[in-house]
Amino acid sequence: MKRGTKSILFGVHQFLLHPLFVLQAWIIIYRSVPTLAEFMAILTHDLGYLGMPNMDGAEGSSHPARSAAFWRGKFGDFGNEVADIIIGHSRFHAAANRLPLSKLFQPDKLSTALYPRWLYLLLGNLSGEIKEYMHHYSKGLYTGVTAEGQSQTQWLIEIQGHLALMGLKGEDYHLVADQMQRSENEGNNGRT
Ligand SMILES: [Fe+2]
Ligand SMILES: [Fe+2]
């Protein structure tokens, strides 16, 4: 089974759990419940990982476009609205394609900080995706964060701190702006 499929079925993007944490984060950030279009975006924004052999490689990094394609042009204005919210949830994808971040970006980031650590570690190891993430961090893919030589728990504590601030402050958090600038320059595609 491909890693992207594992992530959706029993990994950190589990198709019910992840949207629940994103919904909780949405309410924390915006202090209101999402509209129907926003809710549909919350529910389906990562389903583009299905069938992908990696999370942050060339294939997995295109997941926002794949998730959005399900809605685009199929359900009238409503479908296009959902697609726009989905396509802007990834800062890498948005920057590389000169698109604005959508309202989903911040809750998606904060959601990762809301996972209990034991649960994230369990799911991340079941799907194997945590090794890919830690590898990318150790190679400096993410501006301002390195994870070389850290245990999984140390790494998770560090990134949950960053993701909580990204979620609460959005582009006002310096790492978001720095990373977007870098992605725009490099033309990176798709990572969240
Ligand atoms: Fe995503
Ligand atoms: Fe997500």
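The values are calculated or read from the model by the stated rules, or taken from the named source; none is laboratory data. This structure is a prediction, so every number in the text was calculated from the model and none was measured. Cβ sites come from the backbone with ideal geometry, for glycine too, and all protein chains shown count toward neighbours.
Residue count for the stretch 62-91 satisfying the condition of being more than 13 Å from ligand 2 (Cβ to nearest atom) and within 21 Å of His135 (Cβ to Cβ): 1. With the condition kept exactly as written, say whether any residue in the stretch 32-47 is hydroxyl-bearing (Ser, Thr, Tyr), within 22 Å of Met134 (Cα to Cα) and either in contact with an Asp or Glu (Cβ under 9 Å, 6 or more places away or on another chain) or crowded, with 16+ Cβ neighbours inside 10 Å (or both). The answer is no, given that none of the residues of the stretch 32-47 is hydroxyl-bearing (Ser, Thr, Tyr), within 22 Å of Met134 (Cα to Cα) and either in contact with an Asp or Glu (Cβ under 9 Å, 6 or more places away or on another chain) or crowded, with 16+ Cβ neighbours inside 10 Å (or both). Checking each residue in the stretch 116-137 for being out of contact with any Phe, Trp or Tyr (no Cβ under 8 Å at 6 or more places or on another chain), farther than 15 Å from Ile157 by Cα and not in a loop (DSSP other than H, G, I, E, B) picks out Asn125, Glu129, Lys131, Glu132, His135.
I'd like the full set of residues that are more than 12 Å from ligand 1 (Cβ to nearest atom) and touching a residue at least 60 places away in the same chain (Cβ under 8 Å), limited to the stretch 98-109. Arg98, Leu101, Lys103, Gln106, listed by residue number.
For the stretch 50-76, the candidate set comprises residues that are under 15 Å from His136 (Cα atoms) and of a type in the set (Gly, Ala, Ser); within that set, the residue that is modelled with the highest pLDDT is Gly60. Of the residues making up the stretch 1-53, those that are over 12 Å from Pro107 (Cα atoms), touching a helix residue (DSSP H, G or I) at 6+ places or on another chain (Cβ under 7 Å), within 12 Å of ligand 2 (Cβ to nearest atom) and among the hydrophobic types (A, V, I, L, M, F, W, C) are Ile8, Val12, Phe15, Leu43, Leu47. Assessment of the stretch 120-134 against the conditions (acidic (Asp, Glu), farther than 22 Å from Pro53 by Cα and out of contact with any His (no Cβ under 9 Å at 6 or more places or on another chain)) yields no matching residue. Pull up the stretch 135-161, narrow it to residues that are under 14 Å from Thr112 (Cβ atoms) and within 16 Å of ligand 1 (Cβ to nearest atom), then point me to the one that is modelled with the lowest pLDDT. Looking at the filtered set, the residue picked out is Tyr142. Taken over the stretch 36-75, the criterion of being assigned to a helix (DSSP H, G or I), within 18 Å of Ala25 (Cβ to Cβ) and in contact (Cβ under 8 Å) with a residue 24 or more places away in the chain is satisfied by Ala37, Glu38, Met40, Ala41, Ile42, Leu43, Thr44, Pro64. For Asp84, indicate whether it is away from ligand 1 (no atom under 12 Å from the Cβ), closer than 26 Å to Leu168 by Cβ, free of Cβ contacts under 8 Å to residues at least 40 places away in the same chain and in a helix (DSSP H, G or I). Taking the combined requirement at face value, the residue satisfies it. Of the residues in the stretch 65-79, not one is touching a Ser or Thr at 6+ places or on another chain (Cβ under 6 Å), aromatic (Phe, Trp, Tyr) and crowded, with 19+ Cβ neighbours inside 10 Å. When you look at Ala113, is it surrounded by 21 or more Cβ atoms within 10 Å (Cβ to Cβ) and either among the hydrophobic types (A, V, I, L, M, F, W, C) or assigned to a loop (DSSP other than H, G, I, E, B) (or both), yes or no? So Ala113 does not fit the description; no.
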